[in-house]
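What follows is a short report on a single structure.
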Amino acid sequence: MSRRHYATVIWLTLLFLFGRGFSQQISVAEPRVCLQCHDDFGRTLHSKSIHTPLKSGKCSQCHNPHASRHAALLEADPGELCFKCHAGFEAKMTEAAVHRPVADKECKACHDPHGSEYANQLHLPEKELCASCHDQVNVWLKSPVPHAPVQAGNCMDCHDPHASNHSGLTKGSAFELCSKCHPITDEFARIHQGYQLKGSDCTTCHDPHGSRSPGLMMPLQHAPFAANNCQACHSNIRGKTGFDLKGPVNSLCIGCHEDVSQSYRQAFRHVPPDSNECTVCHNPHAANASPLLRTRQTNLCLGCHSQNSQFVQDVKSWAHRNQQCTSCHTPHGSEDKYYLRENSLELCGTCHQHEHSVSHPMGGNSVDPRDNSPLTCTSCHQMHLAQHDPLLPFDRNRDLCIQCHRR
């Protein structure tokens, strides 16, 4: 056979084979053929909780067997891929509070995409998984009086792990959740001095996770509340319409807290109390955080001061992460627009004494050429987050200096 005829036969054979490949799909025995190389998944197939596609032997439902633009030969980015089947969770992303891994489409942060020994393919038992990010869980578990669902590790009895229209990712309001296990009986109402409990926020007095006190009472208590002196702030005690306040919230609070009243006479006043709502930050009855704060100070402040997701996401990477916000800022009023306790030179110097003895010239006649403002620590450093250490917005080896020294 001539070389030309030989080439023709080869070409026709290939055309026939490829034509068959395009005209009919080749059947592959999944997952047996996959396990020939990925034998480490053999053990996964015997897990207690197996992802439905893997359980049905459809590896190619998520993975492209030939090539992909995505890691692990996935058909799409992990989050998008999950939402193709779990569309209900994508819809939940429009709710008021979205769990950070869900917002970032990092389903694998909590779930194993193939199989696990735990329900819903979780990486760890429920309470251990939650505690891996929320370190406060371990504190609650060690409390002398832990809440029964917390002690049992059933976080999802009260919380939706994906998204919710209620703060704290709860599945309902505090009253809705609490009354499911604690029905409002006559005796229950008597203990609460006849207060109309329907629709109330139980967490203004009780810690829903754990406490040192019986009844899950929070340890720090407002003096009138601790003395059982409801009449100090409320009227119509034991009346038919509940415990009415004797006046506007701010007026009641400032009546006792004159120091706060004085701070509000300064040029800049913190917005929530200035809107007649001290209770935006403070719990009027009891709390775990001083001074009667509704939650830990950092969490409380970030509830309003979280203009970008990076600010919240990187909270654990702050250089000042071990400091309370009020170490530098006043919480009520200030003559400084950033509510700083002192000018930045004095304030930073309280901790960074050595740095101030060897630093770039500041104060006096030192001026920032970019805006002709006085040169201070914050001319180069950012107080909270920055791209470079130590809290610098630019690389200190060159980029930082040339912001001012261009010649």
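Which members of the range 356-391 meet the condition of being closer than 23 Å to Arg341 by Cβ and of a type in the set (A, V, I, L, M)?
Met362, Leu375, Met383, Leu385, Ala386, Leu391
Has the range 175-187 got any residue that is in contact (Cβ under 8 Å) with a residue 24 or more places away in the chain, outside any helix (DSSP H, G or I) and either under 33 Å from the mean Cα position of the chain (by Cα) or not assigned by TED's automatic domain parsing to the domain that holds Ala87 (or both)?
no
Pairs please, first residue from the range 384-402 and assigned to a loop (DSSP other than H, G, I, E, B), second anywhere and among the aliphatic types (A, V, I, L, M) and surrounded by 14 or more Cβ atoms within 10 Å (Cβ to Cβ), Cβ atoms under 6 Å, 6+ apart in sequence or on different chains.
Qualifying pairs under 6 Å: Ala386/Leu392; Leu391/Ala319; Pro393/Ala386; Phe394/Leu400; Leu400/Leu392.
Given (1) of a type in the set (Gly, Ala, Ser); (2) within 23 Å of Thr295 (Cα to Cα); (3) not in a helix (DSSP H, G or I), where does Gly194 come up short, assuming only one miss?
Failing condition for Gly194: (2).
Name the residues in the range 42-79 that are in contact with a His (Cβ under 9 Å, 6 or more places away or on another chain) and part of a strand (DSSP E or B), would you?
Ile50, Leu74
Residues Asp112, Asp104: which one is over 28 Å from Met217 (Cα atoms) and surrounded by 14 or more Cβ atoms within 10 Å (Cβ to Cβ)? Even if it seems obvious, please write down each step before you answer.
Details: Asp104 fails: surrounded by 14 or more Cβ atoms within 10 Å (Cβ to Cβ).
None of the other options fit; the residue is Asp112.
Within the range 91-119, can you find the residues that are over 21 Å from Ala72 (Cβ atoms) and either part of a helix (DSSP H, G or I) or under 14 Å from the mean Cα position of the chain (by Cα) (or both)?
Ala91, Lys92, Met93, Thr94, Ala96, Ala97, Val98, His99, Arg100, Ala103, Ala119
List pairs: first residue in the range 331-346 and crowded, with 19+ Cβ neighbours inside 10 Å and part of a helix (DSSP H, G or I), second residue at pLDDT below 90 and not hydroxyl-bearing (Ser, Thr, Tyr) anywhere in the structure, Cβ distance under 6 angstrom, at least six positions apart or on different chains.
Ser344/Cys377
Any residue in the range 183-200 that is in contact with a Pro (Cβ under 8 Å, 6 or more places away or on another chain) and surrounded by 11 or more Cβ atoms within 10 Å (Cβ to Cβ)? Show your work before the answer.
Within the range 183-200, the first condition is being in contact with a Pro (Cβ under 8 Å, 6 or more places away or on another chain), and the residues that meet it are none.
No, every residue in the range 183-200 fails to be in contact with a Pro (Cβ under 8 Å, 6 or more places away or on another chain) and surrounded by 11 or more Cβ atoms within 10 Å (Cβ to Cβ).
Take the residues in the range 245-287 that are of a type in the set (Ser, Thr, Tyr) and assigned to a loop (DSSP other than H, G, I, E, B); name whichever of them is modelled with the lowest pLDDT.
This residue is Ser275.
So Cys82 ticks every box in (1) without any contact (Cβ under 8 Å) to a residue 24 or more places away in the chain; (2) assigned to a helix (DSSP H, G or I) but one. Which box is left unticked?
Checking Cys82 against (1) without any contact (Cβ under 8 Å) to a residue 24 or more places away in the chain; (2) assigned to a helix (DSSP H, G or I), the one that fails is (1).
The values are calculated or read from the model by the stated rules, or taken from the named source; none is laboratory data. Computed from a predicted model, the values in this text were never measured in an experiment. Methodologically, a virtual Cβ is constructed for each residue, glycine included, from the backbone with ideal geometry; neighbour enumeration extends over all protein chains shown.
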